[in-house]
Amino acid sequence: MNVLVTGGAGYIGSHTCVELLNKGHGVVVIDNLVNSSAKAIERVEQITGKHVDFYENDVRDRAALDRIFEKHDIGAAIHFAGLKAVGESVQMPLEYYDNNLFSTVRLCEAMRDHGVKNIIFSSSATVYSGTNQMPLRETDVTGMCTNPYGWTKYMSEQILRDSAKAIEDWSVVLLRYFNPIGAHSSGLIGEDPRGIPNNLMPFISQVAIGRRDHLNIFGNDYDTPDGTCIRDYIHVTDLARGHVAAIDYMVEHRGESVFNLGTGIGYSVLDMVKAFERVNGIKIPYEFAPRRAGDLPKLYSNPDKSAELLGWKAEYDLDDMCRDTWAWQSKNPMGYGE
Ligand code: NAD
Ligand code: UDP
């Protein structure tokens, strides 16, 4: 099947392109490169030995979408494109609502008008409300988001859910990601944040390569075994394969479905630091710093529904995640170098 991958030059998108191509799917990417490099697409081609049709356009550009749907026989779309920095979304809510919501609406309209019936959406564990017990299940309460980024995911889910009800024969799969880390085992593609990394693992690996002198650990007085926050980290290749499994699933199922993509295992910030040090033989200097606003002490998934219905389970462990993060960072000290 030909799959339209929006945001396919980005971190998760590029890894998903690799897994789709490896499974024999055709890949068409639309990405405006606001947070990525065209080099990622070249590297995807290098890893797979296969061609990617790449369009440097904004997903909100309806004319560009029309041209793509007219030129290629698209069977499904995977919608990764969006802005994703939580803190920035608080500073720039209108940019986040504009980008993340209008891209979803324009893409759905174009799909409807061109008769494309299958869409997978990059949602997030952030849509779950903070009142739920761990581990999180797909049936748990959503909403009460703590920042505009989270609301764009919540609202996009609703837009897609309503579209699945209204447009005949549509299939919508909402994938709620936990914490993707790691990189392709080749070290050719990986996460390349612009500016100071917001997320833990890119920060650790920039300390390891010498771009930052130490890690600040935000809070060591949480109600967890070592006082630092617990998250469900998942290897990005496992996450990418979850999308391939969702493509197979959606061909057989109409309407809306929602799945967690996580491992179900929680690790603390200190666990992550120690694992990175042990696996890669590199010391990570750190200091304890005040809590970061909005952080929940524990966040991890129950991934049983994905195992049962998608036939998908995370296969890589924490050591693999640490090893592959470092393979990417050490081979590409400045990321894609732009
Ligand atoms: P990323 O920034 O690396 O990738 C997003 C891509 O979308 C980038 O290549 C960017 O240039 C592109 N883009 C953004 N707005 C666009 C637009 N209007 N038109 C065309 N292209 C546009 O981020 P990522 O980590 O790969 O995340 C992919 C998706 O997964 C995002 O929707 C993100 O919100 C979601 N998600 C990510 C995480 C995470 O921890 N990385 C967790 C949960 C959900
Ligand atoms: N974290 C940290 N220092 C950093 C970045 C993150 O201590 O420089 C902590 C953060 O407070 C959280 C965990 O690492 O407890 C994971 O943070 P990340 O931003 O990667 O994921 P999220 O909080 O969005 O799940």
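The values are calculated or read from the model by the stated rules, or taken from the named source; none is laboratory data. As the structure is a prediction and not an experimental result, all values here were calculated from the model. With ideal geometry, Cβ positions are generated from the backbone for all residues, glycine too; neighbour counts draw on all protein chains shown.
Below, the figures for the structure above:
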{"item": "Members of the stretch 207-238 that are assigned to a helix (DSSP H, G or I) and within 16 Å of ligand 1 (Cβ to nearest atom)", "result": "236, 237, 238"}
{"item": "Qualifying position, being away from ligand 1 (no atom under 16 Å from the Cβ) and free of Cβ contacts under 8 Å to residues at least 12 places away in the same chain, among 289, 307, 275", "result": "307"}
{"item": "Qualifying position, being at positive phi and within 13 Å of ligand 2 (Cβ to nearest atom), among 187, 210, 219", "result": "219"}
{"item": "Residues satisfying the stated conditions in the stretch 55-87, i.e. more than 9 Å from ligand 1 (Cβ to nearest atom) and at pLDDT below 95", "result": "86, 87"}
{"item": "Conditions (1) away from ligand 1 (no atom under 16 Å from the Cβ); (2) under 21 Å from the mean Cα position of the chain (by Cα); (3) surrounded by 14 or more Cβ atoms within 10 Å (Cβ to Cβ): number failed by residue 325", "result": "(1)"}
{"item": "Which numbered condition residue 282 misses (of (1) outside any loop (DSSP other than H, G, I, E, B); (2) in contact (Cβ under 8 Å) with a residue 60 or more places away in the chain; (3) among the aliphatic types (A, V, I, L, M); (4) out of contact with any His (no Cβ under 6 Å at 6 or more places or on another chain))", "result": "(1)"}
{"item": "In the stretch 211-254, the residues that are under 23 Å from the mean Cα position of the chain (by Cα) and of a type in the set (Lys, Arg)", "result": "231, 241"}
{"item": "Some residue of the stretch 118-125 being among the aromatic types (Phe, Trp, Tyr) and part of a helix (DSSP H, G or I)", "result": "no"}
